[in-house]
Amino acid sequence: MKRNNVRKRGNPKASSLSTAEEYQIHTLANGIRIAHKQVPYTQIAHCGIMLDIGSRDELPHQQGLAHFWEHMAFKGTEKRSSYHVINRLENVGGELNAYTTKEKICFHASVLDDHFDKAMDLLADITFHSVFPDKQIERERNVILEEMSMYVDSPEDAIQDDFDQLIFPEHALGSNILGTSETVNSFGREHLYEFINHNIDTERIVVSSVSRLPFSKVIRIAEKYLGGVPHKNTSRQRNAPIIYTPVRQERERPIQQAQCAMGQPAYSLLDERRLPFFMLVNLLGGPGMNSRFNLSLREKYGFVYSIEANYTPYLDTGFMGIFFGTEKKQLNKSISLINKELRRIREVPLSVLQLHQTKVQLMGQLAMSEESNMSFMLMMAKSILDNGKVDSLPEIFAEIEQITASQLQEIAIELFNEQNFSYLTFLPEE
């Protein structure tokens with residue numbers, strides 16, 4: 001069974017933009033929302049339960065508890081052992097999975113649509129009826145400690161976690177999703193129940209699905225397994241980061257290649273400048289091989305194998321980061337080339353043709369992202385939790401068409417000033 005811990009920000013479109021041609025929403029009496037997109041061309045049903053709870057909702061002594069819950073949800077419920085949880089969908093060729101982010105926990109499944117009822121039954125069971133056996137807690141604790149060691153051994157991952165702490169110091173957004181060895185070793189069943197009871201809010205839960213099943217059947221099955229969940233509304237408050245001061249740090253590691261992270265806080269999910277900023281980040285260091293950073297640092301100079309810029313918006317703040325690895329002797333040259341591109345986009349507005357090409361590329365990427373039904377199912381749930389709706393492709397395309405070169409330049413001047421950047425570098429040990 002796979003369990004994904006969403007740590008890499010990767011391509012920002014999946015985390016910041018959602019699109020839908022047609023979807024339907026129904027709200028159960030307990031406040032849980034059911035969102036469905038019917039597609040006629042597939043036999044596969046993708047479904048998930050997404051909760052507006054994440055690692056940012058942890059207190060300092062709880063760091064890693066949301067992720068711990070994600071793991072422990074697979075370890076037995078009131079009516080199923082861990083063996084039966086694992087095999088319920090695997091036996092019919094399906095998949096059961098989960099992930100934790102800074103602001104969300106999601107349990108999701110993919111099955112032949114004949115088994116959609118089984119999938120919803122199991123997802124509801126592990127989300128709301130897990131019992132967290134003591135023996136399983138001890139076993140899974142060791143698994144998570146091994147997971148932590150795995151990421152420490154991966155400098156590309158470790159630098160992203162450490163960089164969060166520089167950008168959001170003394171704040172839960174800066175904490176590692178996995179927690180620390182001290183906190184993970186302290187968790188018991190009572191801590192899980194306390195965290196869940198404090199944070200769970202049925203009005204902040206979305207069940208999403210994409211399949212050829214009619215919406216009426218999806219509602220009927222969701223009501224069957226989730227209608228009995230008691231209504232619960234919490235008064236939980238999320239505190240926004242207040243102070244940011246640029247920091248520069250170098251750390252030696254037993255590695256062969258230098259790793260560098262540079263960036264700063266950015267716009268929140270609700271900021272109207274989010275879309276044009278996203279487009280700028282995509283132009284500079286998005287997934288396209290023709291990104292400005294890739295064309296310069298890889299194609300022209302051969303300094304890096306890969307370089308990415310990404311943007312992660314949160315409820316009340318955001319994050320923009322640039323990440324790359326290179327030989328130590330080429331580190332300063334690489335940073336200079338990045339700063340050159342940042343300066344160029346601040347000082348030279350995009351031409352009419354460049355602006356058009358940038359828009360067309362982004363619109364194409366968004367359209368392609370909707371081709372994956374599972375990805376769309378997850379994006380739909382997140383968008384409804386964050387924005388209360390899912391924008392259609394034509395709606396987002398219309399917004400993109402309204403973006404101007406002067407608007408992009410104003411944003412670049414504000415957020416692409418390297419003097420405001422924090423820098424974290426992992427250097428090979430001498």
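Observations on the structure shown:
- Distance from segment 215-264 to segment 359-399 (C-alpha centre basis), Å: 19
- Translational D in µm²/s for the chain (Stokes-Einstein at 20 °C, 1.002 mPa s, Kirkwood Rh from C-alpha pairs): 94
- Stretch gain in nm, segment Asn417-Thr42, where the contour uses 0.36 nm per residue and the Cα spacing is subtracted: 130.3 nm
- Taking Lys and Arg as +1 and Asp and Glu as -1, the other residues whose beta-carbon sits under 14 Å from that of Thr42 total -2.
- Separation of alpha-carbon centers, segment 21-38 and segment 97-172, rounded to whole Å: 25
- For Lys333, the aspartates and glutamates whose Cα falls under 16 Å of its own Cα, not counting residues fewer than eight places away in the same chain, are Glu299, Glu341, Glu418.
- In segment 53-135, the GluC sites (Glu not before Pro) that fall in loop regions by DSSP, at most 12 other Cβ within 10 Å: Glu78
- The longest stretch of the chain left intact once loop-based chymotrypsin sites (Phe, Trp or Tyr not before Pro) with at most 11 other Cβ atoms within 10 Å are removed from consideration, loops following DSSP, is 42-304.
- In segment 339-382, the GluC sites (Glu not before Pro) that fall in loop regions by DSSP, at most 15 other Cβ within 10 Å: Glu371
- Per DSSP, loop GluC sites (Glu not before Pro) in segment 135-237 with at most 11 further Cβ within 10 Å: Glu170
- Projected label distance in nm at Ser235 and Glu22, using a 7 Å step from Cα toward the beta-carbon: 4.5
- Whole-Hz ³J(HN,Hα) from phi, Karplus 6.51 cos²θ - 1.76 cosθ + 1.60, for segment 172-182, glycine and proline x: 5, 5, x, 7, 5, 4, 6, x, 10, 4, 5
- Within the same chain, aspartates and glutamates fewer than 8 places from Lys389 are excluded, and of the rest, those with a Cα less than 19 Å from its Cα are Glu21, Glu22, Asp52, Glu103, Asp201, Glu203, Asp271, Glu272, Asp316, Glu370, Glu399.
- Efficiency of FRET between Asp114 and Gln357 - r from beta-carbon atoms, R0 60 angstrom, step 0.05: 0.85
Throughout, read-outs are computed from the coordinates displayed, never taken from laboratory work. What you see is a predicted model, and the numbers here were worked out from it, not measured in a lab. Methodologically, a virtual Cβ is constructed for each residue, glycine included, from the backbone with ideal geometry; neighbour enumeration extends over all protein chains shown.
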